[in-house]
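Written below as structure tokens is the structure these notes are about.
The values are calculated or read from the model by the stated rules, or taken from the named source; none is laboratory data. Since the model is a prediction, treat every value here as computed from it, not as a measurement. No Cβ is skipped: glycine too gets one built from the backbone with ideal geometry, and neighbour counts run over all protein chains shown.
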Amino acid sequence: SQKKFSGAKVALLGAPGVGKTAFAVRYITKRYIGDYDSNKEMLYTYKPREELTLEIMDTASLVSSEETEKHYRWGDGFVLMYSITDRQSFLDASAMKDSLLRVKGQDVPIIVVANKADLASVRLVSEEEGSSLAEQLDCPKYEISVADGYQAVSECMQELLIQLKKDFVK
Ligand code: GDP
């Protein structure tokens, strides 16, 4: 008989201020508060459905440290975030991609999330650059605004769950 996919650990990776806390809170509560206690590491437990328990780590975002490597080892799946208004956050995401691939290998369940699409008028990272980052991870990229709504956040997590489930039955 087939093993049931009953749980997974998801780590949110990205530079400070890109919206990781907003993303986690939006996914779990459907709400957007707008003012978050940034840069504190938080571990949430969330059951998107009865038979599935997710542990979601809102990491306190450093590109390269022992802590970060610990998060890489801890996670089954990853959300790699940057803000389209913050060029450095894109460079940080690219650097995290490299170190994550070293730790987890090319088949790691992951999605790239380019956040703050509502601020496109002050965009500093092009859609193409984001797509190229996702190509290097062989994963989907979503350009979203956590501020604008729940739907896009939910779609991102659905995709990650599909990848996690595939990885689980492998
Ligand atoms: P973290 O450090 O990655 O956890 O980032 P936060 O979730 O704390 O968000 C940093 C700031 O960006 C906060 O002031 C949020 O309100 C804001 N923010 C998060 N998501 C969005 C978004 O989609 N659009 C806009 N305009 N602001 C956002």
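Overview of results
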item: Residue pairs meeting the criteria (Cβ under 6 Å; at least 6 apart or on separate chains; first within 18 Å of Leu91 (Cα to Cα), in the range 105-131; second away from the ligand (no atom under 16 Å from the Cβ) and of a type in the set (Asp, Glu)); result: Ile111/Glu159
item: Check on Arg87, out of contact with any Cys (no Cβ under 7 Å at 6 or more places or on another chain) and within 13 Å of the ligand (Cβ to nearest atom); result: no
item: Residue check for Lys40: in a loop (DSSP other than H, G, I, E, B) and more than 10 Å from the ligand (Cβ to nearest atom); result: no
item: Residues located in the range 7-34, provided they are in a loop (DSSP other than H, G, I, E, B) and either at pLDDT below 95 or within 13 Å of the ligand (Cβ to nearest atom) (or both); result: Ala15, Pro16, Gly17, Val18, Gly19, Arg31, Tyr32, Ile33, Gly34
item: Positions within the range 90-127 being within 21 Å of Lys9 (Cβ to Cβ), within 15 Å of the ligand (Cβ to nearest atom) and out of contact with any Lys or Arg (no Cβ under 8 Å at 6 or more places or on another chain), in sequence order; result: Ala93, Met96
